Every structure is written in C-alpha cells, then in structure tokens.
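Reading through the structure tokens given below for one structure.
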Amino acid sequence: MQAKKYSIDKTILKRDKIPNHIAIIMDGNGRWAKTRGLPRIAGHWAGAETLREIIEFCSDIDIKVLSVFAFSTENWKRPYEEVSSLLNMLLYYFKKEVAKLDKNNVKIIVSGDWRVLPEKIVKEIDKSIKLTEQNSGLILNILLNYGSRQEIVTACKKICEDVSQGKIRMEDINEDLIAAHLFSCQIPDPDLLIRPSGEIRISNCFLWQIAYAELYFTETHWPDFKPEDLYKAILDYQNRDRRFGGIKK
Ligand code: FPP
C-alpha cells in the first residue's frame, strides 16, 4: 500500500478490513456548479476530475473494485443539452484517459445498456474494455445507462425463457442464479456504498447487490470529494460491525 500523494496516515487503515468493492453515486455536480455560478456541465467536468483522483487512490490502497454511477436510465429525463454534453464528456474521457488507466493496470468494465448509446461512444467503450481486459489491478466498473430495476427485469426474463425452453428447472432458481444474470456477475457485491451531496437515497443503484453493503452519506458535493474523504469513509466502514444477519462471535 503506498498512499504517498495524500495527507493520509495509511498505517491507520486495517489491511484486513479494506473493502473489496466500493460503489459511489457521484452526486452533487449540478449543485457544485450552481453555487459557483457555472453551467451544470462544468460540475460534471469537475466531477470527472475528482473521479481521476479517486481511481488513483483506490489503486494505491488495493481496492479490488470501484463502481461509479456515471449515467442512469433515468438521466435521459434531463434537458437534451445536458445529456448530450455529458455523453460528449464521457467520450472525451474514454478517448483521453484510458491509455493512462491501462498503464496503471486498471481494468475497465461497463455495466448497463450502453450499447444503445451513439456508435462513436460504443466503439470507444469496446476498445477500452478490450485494451484493459488482461489487467490485474483495480477493476473500474462504470455504470452507464444503468438502472437496477431494469437489470433485475432483464435477468428475470432470461431466466423465464430458460425455464420455458427446458434449459433449467424452476427449482434451479436461487439467489446465485439470479446474481449470475446481473451485470455484476463477475464482481463481488459492494461492501461500501458512498453517496456524497447530502441525499440519503439509493436512486436505483445496485438494489440487489447492496443487500449487506454498508452505506455512507456525506454532505460534500462530488467535485469536492477528495481521497481524504474516501479515506474517512473507509475508516468509518472499518468500525462497522458487519454481521450479515448473524450475531457477534
Ligand atoms: C449526478 O450529479 C451526476 C451525474 C448524473 C453524472 C456523473 C458523471 C461524472 C462525474 C463523470 C464520470 C466520468 C467518467 C469518465 C466515468 P447531479 O448532476 O445530479 O448533481 P445535482 O444533484 O447537484 O444536480
């Protein structure tokens, strides 16, 4: 572990209690921009810069998976200009940042219905996934055109189809089978879900996967969220007593 660039005392982190998977709902970009008299998209750009620092820090402290909610199935309800600027910004980052992420051994995966996005974005995402698929470091899971209810509906439909075609029996349906039909089938469930910006809700993010995640909310807007804030969240997590429905040993 080498969290050198930050004013963080890494020795306080309990190595055996580092969360495997951290999920973040990157909220508050719009409000961050508004308080500065800037257009909302400026908040998204600032949020993307925050993400860069957070990825670096997660790699430094050996987090296995970082999931970030970048664009939800509900975000299409926003004005056309904002959606289009956000998608252009994502395209820019996929083009500009992925080589660096690859160099840092980050493996990119993307969860959601992203194949319906404009072709140039789909192409860049495909390229990024391919380029980084052999990497063994941090898994960066970008939730893009993702909605958890939709994910569960799709899984149910596929399972029903398999039952009706006789590929599986009703009795074979269990939690593992459902989990195997979700986008997250290759990664562990989140241990820690963080939502900055003062909203205390989940907003259709990982409804199945967070059954036993520890939740952490902070007032800080995402663009102001620093590695020090993540460190604080992890310290808080390390003091939680996770019993998974059992009792303390
Ligand atoms: C929610 O804040 C944020 C988003 C909908 C976009 C988040 C996307 C990024 C930070 C960019 C990520 C970049 C890559 C390359 C994955 P909000 O606009 O809802 O904030 P508000 O609640 O204050 O209005």
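Read the figures in this text as sums done on the coordinates, not as results from a lab. On a predicted model such as this, the values are computed, not experimentally measured, just so you know. So basically every Cβ, Gly included, is an ideal-geometry build from the backbone, and we count neighbours across all protein chains shown.
Quick notes
- For region 181-197, 3J(HN,Hα) per residue [Karplus equation, 6.51 cos²θ - 1.76 cosθ + 1.60, θ = phi - 60°, Hz, x = Gly/Pro]: 9, 9, 4, 7, 4, 8, 10, x, 5, x, 8, 9, 10, 10, 10, x, 6
- Inter-site label distance for residue 220 and residue 10 at 7 Å from Cα along Cβ, in nm: 1.8 nm
- Whole-Å semi-axes of the ellipsoid equivalent to region 137-225 (Cα gyration tensor, √5λ, descending): 31, 13, 12
- Estimated distance in nm for a label pair at residue 17 and residue 153, the labels positioned 7 Å out from Cα along Cα-to-Cβ: 4.1 nm
- Test item: Cα-centred dipole of region 9-143, Lys/Arg +1 and Asp/Glu -1 on Cβ, debye: 100 debye
- Amide H contacts of residue 138 (H built 1.01 Å from N, under 5 Å, at least 5 apart or other chain): 107
- Taking θ as phi - 60° and the Karplus parameters 6.51, -1.76 and 1.60, the scalar couplings of region 144-150 work out to 10, 6, 10, x, 5, 4, 4 Hz in sequence order, x denoting glycine and proline.
- Debye equation applied to the C-alpha atoms of the chain, log10 I(q)/I(0) at 0.08, 0.12, 0.13 Å⁻¹: -0.33, -0.74, -0.87
- Evaluated at q = 0.16, 0.18 Å⁻¹, a Debye calculation over the C-alpha positions of region 34-84 (equal weights, vacuum) places log10 I(q)/I(0) at -0.63, -0.74.
- Gyration tensor verdict on region 83-197 (Cα atoms; rounded if a/c is under 1.5, prolate if a/b is larger than b/c, oblate otherwise): prolate
- Distance between the pseudo-spin-label points of residue 243 and residue 160 (7 Å out from Cα toward the beta carbon): 3.8 nm.
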